[in-house]
1. Could you list, ordered by first residue, the pairs with Cβ atoms under 9 Å in which the first is in the range B:63-74 and touching a residue at least 12 places away in the same chain (Cβ under 8 Å) and the second is open to solvent by 30 Å² or more (accessible area, probe 1.4 Å) and of a type in the set (Phe, Trp, Tyr), at least 6 apart or interchain?
2. Just need a number here: residues in the range B:27-40 that are more than 7 Å from chain A (Cβ to nearest Cβ) and touching a Phe, Trp or Tyr at 6+ places or on another chain (Cβ under 9 Å).
3. Please list, ordered by first then second residue, the pairs with beta carbon atoms under 8 Å, 6 or more apart or interchain, first in the range A:225-239 and at positive phi, second assigned to a helix (DSSP H, G or I) and surrounded by fewer than 23 Cβ atoms within 10 Å (Cβ to Cβ).
4. So B:Arg188 ticks every box in (1) over 19 Å from A:Val246 (Cβ atoms); (2) of a type outside the set (A, V, I, L, M); (3) assigned to a helix (DSSP H, G or I) but one. Which box is left unticked?
5. Failed condition for A:Gln81, given (1) under 30 Å from A:Asn194 (Cβ atoms); (2) at the interface with another protein chain (Cβ under 10 Å from one of its Cβ atoms); (3) out of contact with any strand residue (DSSP E or B) (no Cβ under 8 Å at 6 or more places or on another chain), with all others met?
6. Restricting attention to the range B:36-73, report how many residues are open to solvent by less than 10 Å² (accessible area, probe 1.4 Å) and touching an Asp or Glu at 6+ places or on another chain (Cβ under 6 Å).
7. Regarding B:Leu157, is this residue at pLDDT 95 or above, closer than 25 Å to B:Val238 by Cα and touching a Leu at 6+ places or on another chain (Cβ under 7 Å)?
8. Return the total of residues in the range A:2-20 being closer than 18 Å to A:Ile159 by Cα, open to solvent by 20 Å² or more (accessible area, probe 1.4 Å) and of a type outside the set (Ser, Thr, Tyr).
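The values are calculated or read from the model by the stated rules, or taken from the named source; none is laboratory data. Bear in mind the structure is a predicted one, so any value in this text is a computation, not a measurement. Cβ placement follows ideal geometry from the backbone for every residue including glycine, while neighbour counts extend to all protein chains displayed. Calculation scope for accessible area: heavy atoms of the full protein, side chains included, ligands and nucleic acids excluded. Shrake-Rupley method; radii C 1.70, N 1.55, O 1.52, S 1.80 Å.
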Amino acid sequence: MARTLAMFTDISLCIGCRACQVACKQWNELPMEDPEWTGTYQNHAHFTDKTYRLVRFVEKPQADGRLQWDLMSDVCKHCAQAGCLEACPTGAIYRTEYGTVNINQDACNGCRYCVSSCPFGVVAFNHDTGRASKCTFCNDRIHNGLGPACAKACPTESIQFGFRDELVAKAEKRVAKLKEMGYKEARLYGADSNDFLGGLNAFFLLLDKPGTYNLPDKPKLPQRNVFVDSLLSVGSAVLVGLGAIVAFRERGQGKGGGDNA
Amino acid sequence: MLKTPDWGMMIVFYFFLGGIAGGSYFTAAIADNFGGPRDRQVIRLGYWLSLPLVLICGILLIADLGVPARFLNMLFTFKFWDPMSIGAWMVGVFGLFSFLSCVLSLSSSEAMVTLRRKVSLVGTLAGFFLASYTGVLLSATALPFWSEARLMGALFLASGASTGMAAISLLLFLSGGSTGEAWGKVKRADRYSMILELVILAVFLGLLGSAAAPIIQGQFAPLFWGGLVVAGLVVPLVLDFVGSKAKTLVALSAILVLAGGFILRYVLLMSIQA
């Protein structure tokens, strides 16, 4: 496996120009969608099958009556332990040699299990193709020595592309500096590879709690439930089976004696 | 913001019919292995009910993909930890056991009956799986309502058992076989399953806590409380204790149990999907 690539989105540098959103649409040939009224400048409200990069416009009323904007360019996290990838029954969702998560459109069969298995609500179902779609980390570009279109287009280097270990080191310096400058809630989201779905390959520097940006505090791998739920199902099966055996048992007769069904 | 998979009525029907198929099969298999000569009709009905149902299940799953041939894509992969992958395989495996049991039930030779019993013991495991894995599948998602309580699979299994047994009971009534002792046995097994289902449902709701909101309040609440809990579980249990002598009442209670099983799948799936 090649060295893991990553995208680091530092929201303290984002100016909300949406160049990333547009560059993504252009490079990936994603058609436009009808705009929707979200109550803020944000469009669209959520990721769709045609919107892989999305600038969130978070309005925070201040004590002095003014409005503060947190601008956060969101994207698929390319989790090291990816719920969508584990859920995929066809193997269409795979991990590239760079650590990114991609959907092989030809292999996807449209079961939509990945859609509900993403802890971030990223994967979307494309009704035109009948298949799931999401950010590809510009798979074609990174295999040709280019960074993702969004990172390339970002005019403030709010979105940075590079080797994960180098970006994490950079991000840690940046968050320390912001704290020094008085941003008390500044934090990294997904940089820690021990406690965050194995680490997010698209990680963020946030200025507030994750919930502010529609992110879960502690994303969990959906498949963690399979083992316990299966055991409890077995328990239920044993009880049902015993009940049926008690009901059908022939008293005073040997098992299966004399049946000529 | 989490996304729902847009599973519609085809999947609701699949979950419902898969439960009945699994339930009726393992009921027949248990009657086959532990019952006596008088259970012959239960055994046959159970096996023969599961076969068309599992066929319909397969058709529903394939049709839901939009482009039917794409179901083949699932057959290049086997992920034992992934309910969607292993489930797709097990529909086929269960279908095979169901088919074998049906064919073997045509013969009454000693050797065939012995073989059928052995086959059905293994098939019972597939039946249990088919009835419960859909619940585990829902709980292995990121959506809190589906994934917060650990009993979805156990609940689906108990419901699959109660609906499978109710279906056999109803078929016995319709085919005029409702006189014998076998009918009483099916009803008794069904009663145990319903009691278990009620208990699991109560614990399930307790574990879900506030995450149960989509079904215990709002527009799906009347269907859940009235259709499933009262009409689908409590009333049939009461009828079972009070009026078990009147055949039509027992048939009615079987219909209520079946409707309740359908409502269970319907509210769990549809309440959080637009």
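1. Here the result reads B:Met74/B:Trp89, each pair linking the range B:63-74 to a residue that is open to solvent by 30 Å² or more (accessible area, probe 1.4 Å) and of a type in the set (Phe, Trp, Tyr).
2. Looking only at that region, the number is 3.
3. Final answer for the pair search is none.
4. All conditions pass for B:Arg188, except number (1).
5. (2)
6. Residues meeting the conditions: 2.
7. no
8. Total satisfying the criteria: 6.
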